[in-house]
1. If you go through region 62-89, how many residues are under 18 Å from Gly139 (Cα atoms) and either touching a Lys or Arg at 6+ places or on another chain (Cβ under 6 Å) or assigned to a loop (DSSP other than H, G, I, E, B) (or both)?
2. I need the full set of residues from region 149-168 which are out of contact with any Phe, Trp or Tyr (no Cβ under 8 Å at 6 or more places or on another chain), within 21 Å of Arg109 (Cα to Cα) and not in a loop (DSSP other than H, G, I, E, B), in order please.
3. Where the second residue is at pLDDT below 95 and the first is among the charged types (D, E, K, R) and lies in region 124-149, which pairs have Cβ atoms under 8 Å and are six or more apart or on separate chains?
4. Which residues, counting only those in region 115-148, are crowded, with 20+ Cβ neighbours inside 10 Å, not hydroxyl-bearing (Ser, Thr, Tyr) and not in a strand (DSSP E or B)?
5. Just checking, does region 82-90 include any residue being away from the ligand (no atom under 12 Å from the Cβ), without any contact (Cβ under 8 Å) to a residue 60 or more places away in the chain, crowded, with 20+ Cβ neighbours inside 10 Å and more than 16 Å from Gln61 (Cβ to Cβ)?
6. Just checking, does region 149-156 include any residue being under 12 Å from Val194 (Cα atoms), surrounded by 15 or more Cβ atoms within 10 Å (Cβ to Cβ), of a type outside the set (Val, Ile, Thr) and within 12 Å of the ligand (Cβ to nearest atom)?
7. Give region 20-55 a look and list any residue that's at pLDDT 90 or above, away from the ligand (no atom under 14 Å from the Cβ) and not hydroxyl-bearing (Ser, Thr, Tyr), or say none.
8. Just give me the residues in region 102-116 being without any contact (Cβ under 8 Å) to a residue 40 or more places away in the chain and either at positive phi or among the charged types (D, E, K, R) (or both), in sequence order.
Amino acid sequence: MVWLGQAGSRQEDSSLRPVRQHTSAVTTIEFCPGATVRQDGRMTKIRPARPTDAEDMSEVQNAIYRAGLRASPVDVALIRERYLDTENEVACTVAEQEDRVVGFQSLKRAWPGNPYDVAEGWGIIGTHIHPDAGRSGLGRRLFVESLAAAKAAGLRHLDATIGADNSPALAYYSAMGFTPYQEGGDTIPHRFDV
Ligand SMILES: CC(C)(COP(=O)(O)OP(=O)(O)OC[C@H]1O[C@@H](n2cnc3c(N)ncnc32)[C@H](O)[C@@H]1OP(=O)(O)O)[C@@H](O)C(=O)NCCC(=O)NCCS
């Protein structure tokens, strides 16, 4: 797996904005971007990352590592450096359940010499969902926020460089509308035109 993107903070805090109640095995309130909703029986809040999220964010990436979906573990200092204290940040949005961050998505402006060889002026996005919270729609909700941030920041294109053997990530970014744009080896760069 390839790490992508970094952090940032932006926007006002989320608020509860239920739109419609569904009747199903899992009670769900259809959401507006940024709303707090019940998802798989848990209240989920989508909000900008805060400095105090560093430990939870580190645990998210280490759980991904333990699941064999990430090449190396991280520590809190690395999370701060990559996602919380970076000057290239456009947005870093977290999904919080029961006062714990269970996933996050970072969006950075490509910087000179970035390791993904992404052209300056593009955005670089990265998504990290705790395996226990996977496939419950968190990635989809986080992308709504990142896309809004990309538009607000005037980014025209986003890059997600995805490990060629990372089928969940390939499926996820494809579902979000990303398409491959370069021949890859171990990684396949995908783009999204904002
Ligand atoms: C890839 C990842 C970000 C997906 O996040 P997620 O919250 O589980 O994704 P969602 O539940 O929002 O799924 C949105 C859509 O993506 C697709 N998708 C996501 N995970 C999938 C999987 N494992 N298999 C097939 N399709 C998948 C589906 O189309 C899904 O829509 P659906 O559930 O209505 O069918 C998450 O699995 C993850 O963090 N993986 C480890 C880290 C990583 O590899 N990050 C990406 C590279 S930086």
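1. Qualifying residue count for the region: 4.
2. Across region 149-168, the qualifying residues are Ala149, Ala150, Lys151, Ala152, Ala153, Gly163.
3. Arg141/Phe31; Arg141/Pro33; Glu145/Gln11; Glu145/Pro33; Glu145/Gly34
4. Val118, Trp122, His130, Ala133, Leu138, Gly139, Arg141, Leu142, Phe143, Glu145, Leu147
5. Taking every residue of region 82-90 in turn, none turns out to be away from the ligand (no atom under 12 Å from the Cβ), without any contact (Cβ under 8 Å) to a residue 60 or more places away in the chain, crowded, with 20+ Cβ neighbours inside 10 Å and more than 16 Å from Gln61 (Cβ to Cβ).
6. No - not one qualifying residue is present in region 149-156.
7. Answer for region 20-55, where residues must be at pLDDT 90 or above, away from the ligand (no atom under 14 Å from the Cβ) and not hydroxyl-bearing (Ser, Thr, Tyr): Met43, Lys45, Arg47, Pro48, Ala49, Arg50, Pro51, Asp53, Ala54, Glu55.
8. Gly113 - this is the single residue of region 102-116 that is without any contact (Cβ under 8 Å) to a residue 40 or more places away in the chain and either at positive phi or among the charged types (D, E, K, R) (or both).
The values are calculated or read from the model by the stated rules, or taken from the named source; none is laboratory data. All figures in this text were calculated on a predicted structure; none of them were measured in a lab. As a convention, Cβ positions derive from the backbone with ideal geometry for all residues, glycine included, and neighbour counts pool all protein chains shown.
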